[in-house]
Amino acid sequence: MEFKTEAQKEAHEKTRDHLNALFGEVNVKIMDDTFVLQEGSTFVYARTFPIGDRKAGVEVFSYVVVDVEITEELMRYLLTYNLKLILGAFGLSVGEDGKGTILLTHTILGDTMEREELYASLSAIAKVADDLDDRIVTAFGGRTALDKLMTVKEPVEYWE
């Protein structure tokens, strides 16, 4: 993996070491520059990014619901729920098709991150995402991120 700064590289290595110590190397998967853990019906991700030249952040996040219709009611629900969260906040990404992806995200300063701080962030994001994904789908539609991952597309057959 290519890092933009030395601080990002150090934060990535610290994150990897903490995750392996907390969950065991066998339970921590790496996709490109992102660490992945599964908790219940939720996948939790952690990735590092530079903050200027000397600092780095660690973003802990989960895709909660995908392919959801974006409505004023949904946005009000997410913003209101953000006020109840101690760690993290909901965000909404809009695809080219107009459908939304709901994320739950929390950022830690990587330079000073302690193992317990990373664990608290991962646990909070995992618990809230796992608790709310089905409720949001029931109330607003869309699919849980796990449902989308588990959808198997049939291979295209070519007949000659």
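General observations
Quick grid of which residues meet (1) within 18 Å of Leu19 (Cβ to Cβ); (2) touching a residue at least 40 places away in the same chain (Cβ under 8 Å):
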position	(1), (2)
Gly98	no, no
Thr107	yes, yes
Asp111	yes, yes
Ala120	yes, no
Ala126	yes, yes
Ile136	no, yes
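- When residues of region 60-77 are limited to those that are assigned to a strand (DSSP E or B) and open to solvent by less than 40 Å² (accessible area, probe 1.4 Å), the one farthest from Ser123 (Cα to Cα): Val68
- Extreme residue, surrounded by the most Cβ atoms within 10 Å (Cβ to Cβ), among residues of region 1-22 that are hydrophobic (A, V, I, L, M, F, W, C), over 17 Å from the mean Cα position of the chain (by Cα) and closer than 21 Å to Glu117 by Cβ: Ala11
- Residue that is surrounded by the fewest Cβ atoms within 10 Å (Cβ to Cβ) [pool: residues in region 24-35 that are under 18 Å from the mean Cα position of the chain (by Cα) and either farther than 22 Å from Asp111 by Cβ or polar (S, T, N, Q) (or both)]: Asp32
- Yes/no for Phe90 being without any contact (Cβ under 8 Å) to a residue 40 or more places away in the chain and of a type in the set (Phe, Trp, Tyr): yes
- Among the residues examined, Thr48 qualifies as open to solvent by less than 40 Å² (accessible area, probe 1.4 Å), modelled with pLDDT of 95 or more and in contact with a Ser or Thr (Cβ under 7 Å, 6 or more places away or on another chain).
- Criterion (open to solvent by 70 Å² or more (accessible area, probe 1.4 Å) and farther than 25 Å from Leu146 by Cβ) met by exactly one of Glu116, Glu39: Glu116
The values are calculated or read from the model by the stated rules, or taken from the named source; none is laboratory data. Fair warning: this is a prediction, and the values are worked out from it, not measured in the lab. In this analysis, Cβ positions are derived from the backbone assuming ideal geometry, glycine residues included, and neighbour counts consider all displayed protein chains. Ligands, DNA and RNA are excluded from the accessible area calculation, which covers all protein heavy atoms including side chains. Shrake-Rupley method; radii C 1.70, N 1.55, O 1.52, S 1.80 Å.
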